[in-house]
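Here the structure is laid out as structure tokens; the discussion comes afterwards.
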Amino acid sequence: MARDEEEGRGVDLQTDRAHGARIYDYILGGKDNFAADREAGENSLKMWPALKPHMHANRAFMHRVGRYLAAEAGIRQFLDIGTGLPTRPNLHEIVQSVDPTAKVVYTDNDPLVLAHARALMLGTTQGSTAYIDADMRDPQTITSAPEFIETLDLTKPVGLLLIAIVHFIEDDDEALKVVRQVLDVLPSGSYLAMSIATDEFDPIPLAKVQQEYNRLGETLIFRKRPTALSFFDGLELVEPGLVQVHKWRPDGSEPTDVADKDIAMYGAVARKP
């Protein structure tokens, strides 16, 4: 059963139109979605049954990225833009399991996401979690927010996560610009982790999925490898570089029989010099 719309009393949840975070929640088996999201999810699954393993692979990529940044790169503060609905383990749970004092700032522009984030993503008493209601298309609203300024120490490196989010920005130049504007605020030694939608491995059914998202008012933009790689210009890519998300440092915790054509995301992590 989806959450009752009365949970959103006082804010416009736009329950009559599909929303990417809520479609994602539905495909992953969550309950925080509405009829338009379920319709989009079911239609997309009919067109491309691999959507479910694809989304699980993307979520697993985020988990591995969080562990890498906290355990290997030594990052202790994180900015997660495009948080999505809480699906455990969340980023703060991963990084605070490495160091309970780790700090995480979550950002999203969906009031339902933020309501659930504030209720469920509490973190440790030693660390900090904060939430910003902002649209990544306006990066200054993120970097000037009190939650950003008070939680993150910009004299120390930050892990910036943009997981399955830039496909909601249609124009390549705008997408590159907003990522760079946030990264420019972060100090040397910070890291950028991204997953970026692509249709290069199974374009025919993915074109139908894109049409379904568009029909229901949601943007879905696929990008080729050269464009995906351009997000990391001037940064130092961490091995293995830009690869499909299921190939980025697999740790044996996920299925090993995933077909490349079933994963429509590139992923990479890079360090800011």
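Observations on the model:
- Matching residues, region 245-273, being farther than 21 Å from Leu192 by Cβ and of a type in the set (Val, Ile, Thr): Thr256, Val258
- Candidate set: region 10-55, residues that are basic (Lys, Arg) and over 25 Å from Gly267 (Cα atoms); chosen: the one surrounded by the fewest Cβ atoms within 10 Å (Cβ to Cβ): Lys31
- Gly234 being surrounded by fewer than 19 Cβ atoms within 10 Å (Cβ to Cβ), touching a residue at least 60 places away in the same chain (Cβ under 8 Å) and on the phi > 0 side of the Ramachandran plot: no
- For the residues Ala175, Ala164, Ala193, the requirement of being touching a helix residue (DSSP H, G or I) at 6+ places or on another chain (Cβ under 9 Å), within 17 Å of Leu237 (Cβ to Cβ), buried (at least 22 other Cβ atoms within 10 Å of the Cβ) and among the small types (Gly, Ala, Ser) singles out Ala193.
- Residues of region 11-46 that turn out to be under 28 Å from Ile204 (Cα atoms), polar (S, T, N, Q) and either modelled with pLDDT under 80 or not in a loop (DSSP other than H, G, I, E, B) (or both), as a count: 2
- Residues that are part of a strand (DSSP E or B) and closer than 19 Å to Glu72 by Cα were ranked within region 226-273; the one that is farthest from the chain's Cα centre (by Cα) is Glu236.
- Selection within region 243-273 - surrounded by fewer than 20 Cβ atoms within 10 Å (Cβ to Cβ) and within 23 Å of Asp173 (Cα to Cα): Val243, Arg271, Lys272, Pro273
- Tally, over region 88-134, of residues that are of a type in the set (Ser, Thr, Tyr) and either crowded, with 23+ Cβ neighbours inside 10 Å or closer than 13 Å to Phe78 by Cα (or both): 6
- Of all residues making up region 144-161, the number that are within 17 Å of Tyr191 (Cβ to Cβ) and surrounded by fewer than 18 Cβ atoms within 10 Å (Cβ to Cβ): 4
Here's the yes/no breakdown for (1) at pLDDT below 95; (2) out of contact with any strand residue (DSSP E or B) (no Cβ under 6 Å at 6 or more places or on another chain); (3) within 20 Å of Gly20 (Cβ to Cβ):
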| residue | (1), (2), (3) |
| --- | --- |
| Asp199 | no, yes, yes |
| Glu212 | yes, yes, yes |
| Glu218 | yes, yes, yes |
| Lys224 | no, yes, no |
| Lys247 | no, yes, no |
| Ser253 | yes, yes, no |
| Asp262 | no, yes, yes |
| Met265 | no, no, yes |
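- Tally, over region 130-172, of residues that are over 18 Å from Ala193 (Cα atoms), in contact (Cβ under 8 Å) with a residue 60 or more places away in the chain and assigned to a loop (DSSP other than H, G, I, E, B): 1
- Region 47-68: number of residues that are touching a residue at least 60 places away in the same chain (Cβ under 8 Å) and outside any helix (DSSP H, G or I): 2
The values are calculated or read from the model by the stated rules, or taken from the named source; none is laboratory data. Quick caveat: nothing in here was measured; it's all calculated off a predicted structure. Cβ: placed from backbone, ideal geometry, glycine included. Neighbour counts: every protein chain shown.
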